[in-house]
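The values are calculated or read from the model by the stated rules, or taken from the named source; none is laboratory data. Predicted, not measured: the structure shown is a model, and the values here were computed from it. Here the Cβ positions follow ideal geometry from the backbone for every residue, glycine too, while neighbour counts run over all protein chains shown. Just so you know, the surface numbers come from the protein's heavy atoms only, side chains and all, with ligands and any DNA or RNA stripped out. Shrake-Rupley method; radii C 1.70, N 1.55, O 1.52, S 1.80 Å.
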Amino acid sequence: MAYYMTYGEFQSHMKAYYYRTGNRLQFPEMTEYLYNKGMLYDSISAPDLTGDYDNMTDADFDKVVDSLPVTLTMYDGSPLAPTVEEADLIPNARDVFVIRHPRYTRPNLHRHTYFEINFVANGQGKFIFEQEEHLMKEGELCIIAPNSKHDFLIEDDSTVFTICIRKSTFDTTFFSLMTRKDLLSYFFRTILQGDNHANYLMFFTNNNSVIKKYIRNMMIESSKKDMYSNACCISYVNLMFSALLRSYSQTIQFYNYEMGADFSLVLQYIQHNYQTLTLSSLADLFHYSEPHLCTLIKQNTGLTFTELIKRLRLSDAIDYLLNTSMKVGEIAERIGYNSADHFSRVFRSAYKMSPQEYRKQHKDKEPAFVPFATK
């Protein structure tokens, strides 16, 4: 049977219990405590969620969240499971579910079978991952891969939003955005989809108002019960991921005990300097031996150095062919080929047609709209 309470009431009891006893409870434990005290509701009225939340202050939006209902299920008192399944937290028929992370909880390292994203909207929180601790501050956002042992603790009245995304949904949203030239996409796929070891990605957004707006709207949509709310949540997730990749991929940090924390810098350097880059100069710059660097690139992107450079060049070439009027020779020079003939041979090998044929076949497929056109 489901029981109910508002976010504000539940959090108030969590805080009061801590100040009264000096002890902290996990969310299910507090649910059991409140049930035994007869303080849960059998039903709760739905709040009015038709406001404009984009331009609210953090304090005002926190009050809105305080009014939202929380659905609670009874805890049987047994030891908390080390792994939280999708069905344990994400409601049926939902792909995305957003909560305000509870404050004053008892530490409990655990794993999820879904993706978890934590965003610090106000204040700070302690992110614990394997043997590492990081104090996340306002604007920091962390994507935690499934089956990664972690915890997140808020020891004051800071506000952190937690976005839970089914693994299958994450695969078709976040990864679908990274199918083009962004070299980090190959790396993201490897460290977030692999089951060999735990990992996370950390973005530093400087508390960007656009990111915050998307997450606020996800939180509100998660509390709506209509037939559109799930689709709206997925759309906001897409917008959030797009904004992160567009503006903050250069801030990325990750956990990986095998590679060392500076390997993302190698990938970013390749991304921005591929036109003239050689394996030798890259190895010298980052103090790797060439064989070891080749191994790292292959292991963590699935491609060789030469294949990466070729993909980056051809991806930019297609952008230039479809979105500019540059001549083939100019494009070849721009992407790092020493002649138009060489570029054309490589392009034909990859796409089975010349650059000119590709431009003609793919550009302006739809007729241009001409206002007040006459036949």
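When the residues of segment 114-139 are filtered to those that are under 26 Å from Tyr236 (Cβ atoms) and part of a loop (DSSP other than H, G, I, E, B), the one that is modelled with the lowest pLDDT is Tyr114.
It is to be established whether one or more residues within segment 56-64 are in a loop (DSSP other than H, G, I, E, B) and either in contact with a Lys or Arg (Cβ under 9 Å, 6 or more places away or on another chain) or surrounded by fewer than 17 Cβ atoms within 10 Å (Cβ to Cβ) (or both). The answer is yes, given that some residue of segment 56-64 is in a loop (DSSP other than H, G, I, E, B) and either in contact with a Lys or Arg (Cβ under 9 Å, 6 or more places away or on another chain) or surrounded by fewer than 17 Cβ atoms within 10 Å (Cβ to Cβ) (or both). Sort out which residues of segment 1-55 are touching a Pro at 6+ places or on another chain (Cβ under 9 Å) and among the charged types (D, E, K, R), and write them in order of number. Matches in segment 1-55: Arg24 only. Filtering segment 35-46 to residues that are outside any strand (DSSP E or B) and open to solvent by 60 Å² or more (accessible area, probe 1.4 Å) leaves Tyr35, Asn36, Lys37, Gly38, Met39, Asp42, Ser43, Ser45, Ala46. State the number of residues belonging to segment 140-170 that are out of contact with any strand residue (DSSP E or B) (no Cβ under 6 Å at 6 or more places or on another chain) and part of a strand (DSSP E or B). Total satisfying the criteria: 0. Close contacts from segment 66-95, counting a first residue that is farther than 16 Å from Met1 by Cβ and a second that is among the basic types (Lys, Arg), with Cβ to Cβ under 6 Å and a gap of 6+ residues or different chains, come to Thr83/Arg111; Glu86/Arg166; Asp95/Arg166.
Hey, could you check segment 70-89 for residues that are more than 26 Å from the chain's Cα centre (by Cα) and either at pLDDT 90 or above or closer than 18 Å to Pro102 by Cα (or both) and say which is least open to solvent (accessible area, probe 1.4 Å)? Ranking the candidates gives Leu72 first. In the set (1) at pLDDT below 95; (2) within 18 Å of the chain's Cα centre (by Cα); (3) hydrophobic (A, V, I, L, M, F, W, C), Val160 fails one condition alone, (1). Filtered by the rule that a residue be in contact (Cβ under 8 Å) with a residue 40 or more places away in the chain, open to solvent by 60 Å² or more (accessible area, probe 1.4 Å) and either aromatic (Phe, Trp, Tyr) or in a helix (DSSP H, G or I) (or both), segment 23-34 gives a lone residue, Phe27.
Annotation note: Cβ proximity below 9 Å between a residue of segment 8-22 that is farther than 12 Å from Thr105 by Cβ and a residue that is part of a helix (DSSP H, G or I) and not aliphatic (A, V, I, L, M) (sequence gap 6+ or interchain) occurs for Gly8/Asp62; Gly8/Lys63; Gly8/Asp66; Gly8/Ser67; Glu9/Asp66; Ser12/Asp66; His13/Tyr33. Report yes if Ala317 is open to solvent by 40 Å² or more (accessible area, probe 1.4 Å), touching a residue at least 24 places away in the same chain (Cβ under 8 Å) and of a type in the set (A, V, I, L, M, F, W, C), otherwise no. No: the conditions fail for Ala317.
Looking at the structure I just gave you, is Ser325 out of contact with any Lys or Arg (no Cβ under 9 Å at 6 or more places or on another chain) and not in a helix (DSSP H, G or I)? Judged against the criteria, Ser325 is a match. Take Asn108 and tell me if it is assigned to a loop (DSSP other than H, G, I, E, B) and touching an Asp or Glu at 6+ places or on another chain (Cβ under 8 Å). Here the answer is yes, as Asn108 does meet what is asked.
Considering (1) outside any loop (DSSP other than H, G, I, E, B); (2) in contact with a helix residue (DSSP H, G or I) (Cβ under 9 Å, 6 or more places away or on another chain), the lone condition that Leu80 does not fulfil carries the number (1). The residues listed here are Arg106, Arg111, Arg166; of these, the one that is under 20 Å from Tyr214 (Cα atoms) and modelled with pLDDT of 90 or more is Arg166.
Every listed requirement among (1) at pLDDT 95 or above; (2) part of a loop (DSSP other than H, G, I, E, B) is met by Ala93 save one, (1). Scanning segment 91-111 for residues being out of contact with any Ser or Thr (no Cβ under 8 Å at 6 or more places or on another chain) and buried (at least 20 other Cβ atoms within 10 Å of the Cβ) gives a total of 3. Being closer than 22 Å to Phe61 by Cβ and among the polar types (S, T, N, Q) holds for only one residue in Ser158, Ser148, and it is Ser158.
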